[in-house]
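> One structure follows; several queries about it will come next.
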Amino acid sequence: MIKHDEELLFGEDVKIDGFTIKNPTLTEIKEISWDEYQNYIFMLGYKHFDKMVFLDSIDIDYEEFSNWDIFILIYLYIMKDENTPMRDSCNEGFKFFTGIDFDMYYEFGFEKLKEEVSKIETFNFNDILNVIHEKSSHFYLKDSTSKIVIDSVVFEDISNVIREINNIDTRQRKFSNSLTKKVAIAIEKNKMSNSDGLNIFNIARNVAWRNYSMSILDIPKLTISQIYDGYKALIDIDNFNNVMSGLYSGTIDSKSINVNKVHWANKK
């Protein structure tokens, strides 16, 4: 996967596959609200393995399906609340990040899909997902004006850039068996229910008040990638200073650590 470290450090948008993906400023995120921005990330940035807690709640094993399969299911069948389908957040998210209006299309028409789904004896998301999985290559997103099309490959490319902009770990967790996966899902569920409320605005506050060369008034102009980068840099510097204090005080054995590896300027 191509990395875009330089563009993100300078707060630039990222160009990929003919699209320009927005690297939003804190002000732009505030205008739509952090909660709605998180909905955009859930739909467009999170992969199927990031959604494992949600998918487990509707009895779906994310490892049995592709990221594109899961995206189609949520787009077509999952509600954000009683009156609002998740596809609204998806369409708004695409417009926010690309400036383009997209809608989902099915090559054979959605009436045909409804016909296929109606054959399911026990209506559940897992059975619907099996139907989608068999026909996933026939779904696509298209802008009716420019005729730009997003298929599963382009969607993955866009998703990867959104993940990179938002500092989301790109590594997929692998589990040795179903039990370890169940334990991991339970742990993640507990983390979500006991969230400490850390969000981009709290992170930005830390970056502002720890950086003596920066005014709090400069923070809204920074992009989300710059804020995450600054926050990570502060953590790296603190860790390095703690290690050096330990070395000087004798609480850390100099033979047990490679100072160059823990230096804050070393690329992680």
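Taken together, the values in this text are just the output of simple stated rules run on the coordinates, not laboratory data. What you see is a predicted model; the values in this text were computed from it and never measured. We place every Cβ from the backbone using ideal geometry, glycine too, and count neighbours over all the protein chains shown.
> Which number comes out as Rg/Rh for the chain once both Rg and the Kirkwood Rh are worked out on C-alpha atoms?
On the Cα set of the chain, Rg over Rh gives 1.02.
> Putting +1 on Lys and Arg Cβ atoms and -1 on Asp and Glu Cβ atoms, find which of S176, I60, T122 reaches farthest to the positive end of the dipole of the chain.
Highest projection toward the positive end goes to S176.
> What's the lysine pair count for the range 1-86 at a Cα cut-off below 16 Å, pairs eight or more apart or interchain?
So the count works out to 4.
> How high is the relative contact order of the chain, given as a whole-number percent (alpha carbon pairs under 8 Å, six or more residues apart)?
This gives 23 percent for the chain.
> Helix-only estimate, please: 222 nm mean residue ellipticity of the chain, summing -39500 (n - 2.57) across DSSP H runs of length 4 or more and dividing by its residues, to the nearest 500.
-16500 deg cm²/dmol
> Next up: Could you list the GluC sites (Glu not before Pro) in the range 83-131 that lie in coil according to DSSP, counting only those with at most 12 other Cβ atoms within 10 Å of their Cβ?
Listed in order of number, the matching sites are E107, E121.
> Still on this model: Could you please rank L73, L234, placing first whichever residue has the fewest other Cβ atoms within 10 Å of its Cβ?
Ranked by crowding around the Cβ, least crowded first: L234, L73.
> Nearest 10 degrees, 0 to 90: what angle lies between the long axis of helix 86-98 and the longest principal axis of the chain (Cα atoms)?
In the chain, helix 86-98 runs at an angle near 60 degrees to the longest axis.
> Still on this structure: Once phi is turned into ³J(HN,Hα) by the Karplus curve 6.51 cos²θ - 1.76 cosθ + 1.60 with θ = phi - 60°, what whole-Hz value does each residue of the range 150-164 show in order, with x for glycine and proline?
My calculation for the range 150-164 gives 10, 9, 4, 5, 5, 4, 4, 4, 5, 4, 5, 5, 4, 4, 5 Hz in order.
> Right, next: Tell me the relative contact order for the range 83-176 as a rounded percent, counting alpha carbon contacts under 8 Å between residues six or more apart.
Relative contact order, the range 83-176: 22 percent.
> To continue, here is another question. Which of T223, T251 has the fewest other C-beta atoms within 10 Å, and how do the rest follow up to the most?
Fewest-to-most Cβ neighbours within 10 Å comes out as T251, T223.
> Count neighbours as other Cβ atoms within 10 Å of each site's Cβ, and list the chymotrypsin sites (Phe, Trp or Tyr not before Pro) in the range 1-94 that are DSSP loop with at most 12 such neighbours.
Answer by residue number: F10.
> Once phi is turned into ³J(HN,Hα) by the Karplus curve 6.51 cos²θ - 1.76 cosθ + 1.60 with θ = phi - 60°, what whole-Hz value does each residue of the range 253-258 show in order, with x for glycine and proline?
Each residue of the range 253-258 in turn: 6, 4, 6, 8, 9, 9 Hz.
> Which value, in Å to one decimal place, does the Kirkwood hydrodynamic radius take for the range 128-245 when every pair of different Cα atoms is included?
Kirkwood hydrodynamic radius for the range 128-245: 18.7 Å.
> On full extension of the chain, what length is gained from I120 through L179, given 0.36 nm per residue of separation minus the C-alpha to C-alpha distance?
Length difference between fully extended and current span is 18.3 nm.
> Can you give the net charge of the other residues whose Cβ lies under 9 Å from the Cβ of L129, counting K and R as +1 and D and E as -1?
Result for the local shell: -3.
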